[in-house]
Amino acid sequence: MNLYFDNAATTKLSERALQAYIDTSSLVWGNPSSVHKLGLEAKKKLQEEREKIAKLMGTSPSRLFFTSGATESIASVFSSLLFTTPGRIIISRIEHEAVASWLPVLKQHGWDAVTLKAKGGFVSPDELRENLTPDTKLVAVMAVNNVTGAIEPIEELVQTVREFERTIKRHIFFFSDSVQALGKIDYDITALDIDGASFSGHKINGPRGIGMLYLKQPSSFRPLAPAGGQESGKRGGTENLPAISALRAALEEWMPDMKENSARISALKARITDTLQDEGFEIISPEHSSPYIISFASALPSEVYTRMLSDKGVYVSSGSACSNNAKGEGEKILLGMGVRPEKARNAVRISLSKDTTEEDVEALIQILRETR
Ligand code: PLP
């Protein structure tokens, strides 16, 4: 039996996404930068895919830049700071390592880095307000936490920053790592008035190695190096057109039914959460969290419990599990939101997908009861 409940780590490539990848690889394989016929065809295809993706995401094609994944999108924004006069950067204590790992780098370059607590899982607009200073250049708070699923109050946080800007008469870049929000919660980047966001293909049944950087005002963004000048000079390197087509296909499967999927998955999440509580497990995920993520603590260290489940064909994760190298990342995030150390050590994450069925959930519940 294979019960895959680790969809926040990665998802299986969908058949439609795979087909789109194959079609573009075999039919439109020219380099979009070449000026001959094949190149022009590829350029046209790239533009068409960008337009379709932008429409699905409710934004303009000129604001989306394809990258190799969210990690690169984030790196592009944070590394661009190295060009500017150091000031203050504010991030939350529950950011993914793709963001958090930039703090020591920036500190080394003279930046003053402040981390905001996330009591109960949420970053507080009041705490943000208290930490904004006239030299603050960037604020980064993720949209949905990858360990607990907490949906952060991005609208209020952005508003807090915009109000402060009026007193200093200078713009502050608001960045939101939006990987776990895409296709899973009602998330309108344009309405939220954020300046930059990162997205990843492989969390929504697209391929690995494709992601996006959203920039509200691309003209004011200068990457560390434009390299070959692709992506309007924001990201060099030959565009991964087959993966871009596959990402578009994956978005076509996720975006139109976002609300219906979310309602169905919420009911499955409630069923799992109720069972966990009945069986005496402690729920860590806050109430206001993604329908797709459940964090809870068992009585055993998380590596032991996840191994026990794996032996029974149930695949979940201990902590964030975006990378084996970033050991303890999930634990760090849980401690950052005030979870007791013993509970953080025993934390397990179950993450669902839009394709998770009731049968999958009933089989999971059976095993959770057996392994109690
Ligand atoms: N940010 C969050 C919240 C994530 O869950 C992940 C997952 O790995 C990443 C960033 C990194 O994404 P990618 O694998 O596309 O680099």
Which one of SER33, SER25, SER62 is closer than 26 Å to TYR187 by Cβ, away from the ligand (no atom under 16 Å from the Cβ) and of a type in the set (Gly, Ala, Ser)? SER62
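Let's see how each residue does on (1) of a type outside the set (Val, Ile, Thr); (2) within 13 Å of the ligand (Cβ to nearest atom); (3) modelled with pLDDT under 95:
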| site | (1), (2), (3) |
| --- | --- |
| VAL147 | no, yes, no |
| VAL161 | no, no, no |
| GLY211 | yes, yes, no |
| ASN240 | yes, yes, no |
May I ask you to verify whether ALA249 is surrounded by fewer than 20 Cβ atoms within 10 Å (Cβ to Cβ) and away from the ligand (no atom under 15 Å from the Cβ)? no
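Just a yes or no: is a residue in the range 18-25 surrounded by 22 or more Cβ atoms within 10 Å (Cβ to Cβ), among the β-branched types (Val, Ile, Thr) and touching a strand residue (DSSP E or B) at 6+ places or on another chain (Cβ under 7 Å)?
no
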Testing ALA227 on (1) free of Cβ contacts under 8 Å to residues at least 12 places away in the same chain; (2) not in a loop (DSSP other than H, G, I, E, B), one condition comes back false. Which one is that? (2)
Can you name the residue in the range 94-109 that is under 13 Å from the mean Cα position of the chain (by Cα) and in a helix (DSSP H, G or I) and is also nearest to the ligand (Cβ to nearest atom) among such residues? ALA98
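Please specify each residue of the range 33-62 satisfying the condition of being β-branched (Val, Ile, Thr) and surrounded by fewer than 17 Cβ atoms within 10 Å (Cβ to Cβ).
Within the range 33-62, VAL35 is the sole residue that qualifies.
Yes/no per residue for (1) closer than 21 Å to SER295 by Cβ; (2) within 18 Å of the chain's Cα centre (by Cα):
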position: LEU182; (1), (2): yes, yes
position: PHE199; (1), (2): no, yes
position: SER219; (1), (2): no, no
position: ARG264; (1), (2): yes, no
When residues of the range 163-182 are filtered for being under 15 Å from ILE91 (Cβ atoms) and either more than 11 Å from the ligand (Cβ to nearest atom) or in contact with a Pro (Cβ under 6 Å, 6 or more places away or on another chain) (or both), how many remain? 4
Give me the pairs: first residue in the range 1-27 and farther than 18 Å from ARG349 by Cβ and outside any loop (DSSP other than H, G, I, E, B), second residue away from the ligand (no atom under 16 Å from the Cβ) and charged (D, E, K, R), beta-carbon distance under 8 Å, and six or more apart or on different chains, which are they? ARG16/GLU252; ARG16/GLU253; ALA17/GLU253; ALA20/ARG248; THR24/LYS45
Kindly evaluate VAL77 against the criterion of being crowded, with 22+ Cβ neighbours inside 10 Å and closer than 19 Å to GLN159 by Cβ. no
Any pair with Cβ under 7 angstrom, 6 or more apart, that starts in the range 265-280 at a residue that is among the acidic types (Asp, Glu) and ends at one that is in a helix (DSSP H, G or I): GLU279/LEU368; GLU279/ARG369
For THR71, all conditions in the list (1) within 14 Å of the ligand (Cβ to nearest atom); (2) hydroxyl-bearing (Ser, Thr, Tyr); (3) in contact with a strand residue (DSSP E or B) (Cβ under 7 Å, 6 or more places away or on another chain) hold save one; what is the number of the exception? (3)
Could you count how many residues in the range 83-93 are modelled with pLDDT of 95 or more, more than 16 Å from the ligand (Cβ to nearest atom) and not hydroxyl-bearing (Ser, Thr, Tyr)? 5
Being among the hydroxyl-bearing types (Ser, Thr, Tyr) and within 18 Å of GLY149 (Cα to Cα) narrows it down to one of SER262, SER220, SER232, so name that one. SER262
If we keep only residues of the range 188-206 that are hydroxyl-bearing (Ser, Thr, Tyr) and surrounded by 23 or more Cβ atoms within 10 Å (Cβ to Cβ), then the residue farthest from the ligand (Cβ to nearest atom) is SER198
Could you check SER285 against (1) under 30 Å from THR371 (Cβ atoms); (2) more than 16 Å from the ligand (Cβ to nearest atom); (3) part of a loop (DSSP other than H, G, I, E, B) and say which number it fails? (2)
Need pairs with beta-carbon distance below 6 Å; first residue assigned to a loop (DSSP other than H, G, I, E, B) and within the range 330-357, second of a type in the set (Lys, Arg); sequence gap 6+ or separate chains. GLY338/LYS119
Report, by residue number, each residue of the range 71-109 that is among the aliphatic types (A, V, I, L, M) and touching a Leu at 6+ places or on another chain (Cβ under 9 Å). ILE74, ALA75, VAL77, LEU81, LEU82, ILE89, ILE90, ILE91, ILE94, VAL105, LEU106
Run down GLY236, GLY280, GLY229, GLY328 and say which single residue is within 16 Å of the ligand (Cβ to nearest atom) and surrounded by fewer than 19 Cβ atoms within 10 Å (Cβ to Cβ). GLY328
Let me spell it out: the conditions are (1) within 21 Å of the chain's Cα centre (by Cα); (2) surrounded by 17 or more Cβ atoms within 10 Å (Cβ to Cβ), and LYS117 meets all of them except one. Which number is the exception? (2)
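The values are calculated or read from the model by the stated rules, or taken from the named source; none is laboratory data. Keep in mind it's a predicted model, so treat the numbers as computed, not measured. Glycine gets a Cβ as well: all are built from the backbone with ideal geometry, and neighbour counts include every protein chain shown.
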